[in-house]
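**Q** Below is one structure. I have some questions about it.
Quick note: the coordinates plus some simple rules give every number you see, no bench work behind them. All of these numbers come straight from a predicted model, not from anything done at the bench. Virtual Cβ from ideal backbone geometry, glycine too; neighbours counted across all protein chains shown.
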Amino acid sequence: MSDYQRGQVILVNLEPVRGSEQAGSSRPCVIVSADSLNAILRTVIVCPVTDVAHLKRSRAGATYVFAGEGGLIKDSLVLSYQVRTITTDRIQRVIGVLTKERMVEVGQSLLVTFDLDD
């Protein structure tokens, strides 16, 4: 149903949010769902991205991404502990793609987030 692919960095409208969810009417996110699912569903699974200046301390379950990677303009963190399923209607546009190596790191962060690293 969609042409969205794992590793794409997209701008997404995450509003409305509740509580401590990552907010933003135009927030970058990384698609982490499998391409086989992305092709048949009207949803994708994403991890929000935040610029490192917004965090007061380092966090487990986050992957550092340098400015320029995946179309991001600031050094950023992919927040694997804020995983979210969204409808593709929330996607505003694709801004870039992370490398396979960086996506391996994101995958490792997801393993930590879900305690699947045994």
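**Q** Please report Val46, Val32, Val9 as a ranked list, fewest other C-beta atoms within 10 angstrom at the top and most at the bottom.
**A** Result, fewest neighbours first: Val32, Val9, Val46.
**Q** Can you find, among Asn38, Thr85, Leu116, the residue farthest towards the positive end of the dipole of the chain? Put +1 on the C-beta of Lys and Arg, -1 on that of Asp and Glu.
**A** Thr85
**Q** Provide the net charge surrounding Leu77, with neighbours chosen by a C-beta distance below 9 Å and charges set as Lys +1, Arg +1, Asp -1, Glu -1.
**A** -1
**Q** A further question on this structure: At most 14 other Cβ atoms within 10 Å plus a DSSP loop assignment makes a site exposed; report the longest stretch of the chain without any exposed trypsin sites (Lys or Arg not before Pro).
**A** Segment 60-118 is the longest.
**Q** Among rounded, prolate and oblate, which fits the chain when a ≥ b ≥ c are the square roots of the eigenvalues of its C-alpha gyration tensor, a/c under 1.5 means rounded, and a/b larger than b/c means prolate?
**A** Taking the square roots of the gyration eigenvalues as a ≥ b ≥ c, the chain is rounded.
**Q** Net charge near Ala67, counting Lys/Arg +1 and Asp/Glu -1 over other residues with Cβ under 10 Å of its Cβ?
**A** Charge balance near Ala67 sits at -2.
**Q** Where nothing but the Cβ of Lys and Arg (+1) and of Asp and Glu (-1) is charged, how large is the charge dipole of the chain around its Cα centre, in debye to the nearest 20?
**A** That gives the chain a dipole magnitude of about 340 debye.
**Q** Out of Ser33, Ser25, Ser76, any idea which swings most in a Gaussian network model of the chain, alpha carbons joined below 10 Å?
**A** Highest fluctuation among the options: Ser25.
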